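Colleague: Questions regarding the structure given below will be posed in turn.
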Amino acid sequence: MELEISLLAGLLAKINARPDISDLLLGGELSGINNPAVEEKLNQLMTYLENIPKAPQRLPVRIYMAACMDLIHSGHFNCMRQAKALGDILVVGVISDEEIARCKGPPVMKQAERRALAEACKWVDEIADGVEYYVNLEILARVKCDYVIHGDDLAIRKDTGTDAYEEVRNAGKLKVVKRTEGISTTEMVGKMLLMTAEENKEAQPTQVSNLVRNPKTSNFLATTRRINQFSSGRIPQPTDKIVYIDGSFDLIHMGHVETLKAARELGDYLIVGVHDDKTVNQHKGKNFPIMHLNERTLNLLAMKYVDDVIMGAPWEITEDMIRTLNISLVVQGSYHKDVIDEVAGNDPYSVPKKLGIYQEIQSNTTLNAEEIVKRIVEHRMLYVQRNTRMVENENQYYKNKTYVSEI
């Protein structure tokens with residue numbers, strides 16, 4: 001072995017000093033060498049290199065995450081972000097409507113609507129549609145994944161009262177990630193349950209203990225670290241065609257996704273302006289927005305079509321704003337943000353229209369935040385029963401929780 005190493009070192013030194021031999025070696029033209037001694041040593045080198053054991057090829061680590069993603073929020077997206085960091089390929093299983101109804105209660109959003117949000121997330125590589133609620137080793141094998149992830153809030157089977165991930169946990173296939181504080185589907189549904197058609201524009205709902213979690217428990221807002229984790233960090237180039245779209249983007253849904261995707265395809269860089277809570281409240285009514293500004297911002301940053309977000313964007317677009325951001329095109333979905341505007345005033349898009357840089361994107365769905373609230377209000381008792389049980393589970397989690405480091 002020492003002789004081979006010495007021979008290799010000597011040959012490499014000679015090859016580096018003799019470009020003619022280096023060229024011949026790299027070109028594979030050993031037959032053109034007339035010096036038998038050099039030819040023999042080069043053949044020895046080639047044989048030695050061919051016999052060096054090759055390092056085994058590392059296969060990509062595939063991570064599986066099964067989720068309802070009903071009324072999706074930054075907690076779901078942060079779970080996907082952490083899951084992606086644990087492997088190379090993230091496969092998200094969108095649980096079927098039937099499975100959610102059987103194991104948790106009636107879903108608010110339809111399966112296709114939930115799938116659209118999962119597909120739009122920038123951390124998701126593959127989708128498994130219509131999967132089972134409880135994950136086992138057979139499901140992991142079916143989706144060809146090495147591990148499944150879940151938050152540190154223990155999932156309990158509704159039918160048996162046992163750990164829903166016991167089988168994969170015992171097989172060493174479960175990876176636990178930190179649950180995101182301060183946001184949950186249960187909390188959002190609880191807030192909407194407190195709204196009625198009459199209250200929707202007239203009264204601020206009050207907390208009811210069996211519909212929403214105890215308000216004294218922790219309710220963290222977004223940190224700068226979280227915004228950095230979600231942000232693309234990409235800076236527009238001077239030659240980029242910058243497209244701008246704005247709105248409240250409350251309860252982000254399939255209609256938003258379709259419009260954002262179409263807007264991004266019109267240029268090179270998409271900036272989304274999201275209005276602050278006071279502005280949304282002023283224009284849409286006292287119970288809106290359901291989600292606060294930081295939450296709506298994180299949801300947008302999780303979308304693969306969004307390059308940057310302006311937090312607290314003005315309701316009306318000005319000429320100075322267009323110049324400052326180098327905006328080439330201002331777009332709006334066909335469901336206008338001011339369609340139910342309670343504040344009489346000027347057209348918020350009058351300036352880009354005057355400049356000839358305004359374009360409307362045809363929406364393929366009528367889904368909006370008001371429709372989502374309507375779905376819950378119309379089936380109020382079903383969701384009251386569901387939320388009463390889910391709030392009990394959340395309160396139990398907060399009572400027993402321990403610190404888990406976030407990825």
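Colleague: How large is the charge dipole for the range 231-308, taken about the Cα centre, if only the Cβ atoms of Lys, Arg (+1) and Asp, Glu (-1) carry charge, to the nearest 20 debye?
Modeller: Dipole about the Cα centre, nearest 20: 140 debye.
Colleague: How far apart, in nanometres, would the label points at GLU126 and LEU154 be if each is projected 7 angstrom from Cα along the Cα-to-Cβ direction?
Modeller: About 3.2 nm, to one decimal.
Colleague: Pick out, from TYR358, LEU298, ALA313, the residue whose Cα sits farthest towards the positive end of the charge dipole of the range 224-361, with +1 on the Cβ of Lys and Arg and -1 on the Cβ of Asp and Glu.
Modeller: LEU298
Colleague: Mark the label point 7 Å from the Cα of GLN362 along Cα→Cβ and return the residues of the range 260-286 whose backbone N is within less than 18 Å of it.
Modeller: Inside the label zone: 260-266.
Colleague: Which peptide among 224-235, 361-372 comes first, and what is the full order, when sorted by highest mean count of other Cβ atoms within 10 Å?
Modeller: The densest-packed peptide leads the list: 361-372, 224-235.
Colleague: For a test of the definition: using alpha carbon positions, the gyration tensor, and the 1.5 limit on a/c, classify the range 232-354 as rounded, prolate or oblate.
Modeller: It is oblate, given that a/c is not under 1.5 and a/b is not larger than b/c.
Colleague: How many nm separate the modelled label positions at ARG102 and HIS292, each set 7 Å beyond the Cα in the direction of the Cβ?
Modeller: 3.9 nm
Colleague: Which shape class applies to the range 87-151: rounded if a/c is under 1.5, otherwise prolate when a/b exceeds b/c and oblate if not, where a ≥ b ≥ c are the square roots of the Cα gyration tensor eigenvalues?
Modeller: Verdict is oblate for the range 87-151.
Colleague: Taking a threshold of 25 Å on the Cα-Cα distance, which of the pairs LYS110/LYS304; LYS158/LYS304; LYS178/LYS284; LYS304/LYS353 fall above it?
Modeller: LYS158/LYS304; LYS178/LYS284; LYS304/LYS353
Colleague: Under unit Cβ charges (Lys, Arg +1; Asp, Glu -1), what dipole magnitude, rounded to 20 debye, does the range 224-361 have relative to its Cα centre?
Modeller: 360 debye
Colleague: At a Förster distance of 30 Å, what's the computed FRET efficiency of ARG225 paired with ARG58, Cβ-Cβ distance as r, to 0.05?
Modeller: Efficiency, from the Cβ-Cβ distance: 0.50.
Throughout, read-outs are computed from the coordinates displayed, never taken from laboratory work. Here the structure is a predicted model, which is why all the values come from computation and not from measurement. Glycine gets a Cβ as well: all are built from the backbone with ideal geometry, and neighbour counts include every protein chain shown.
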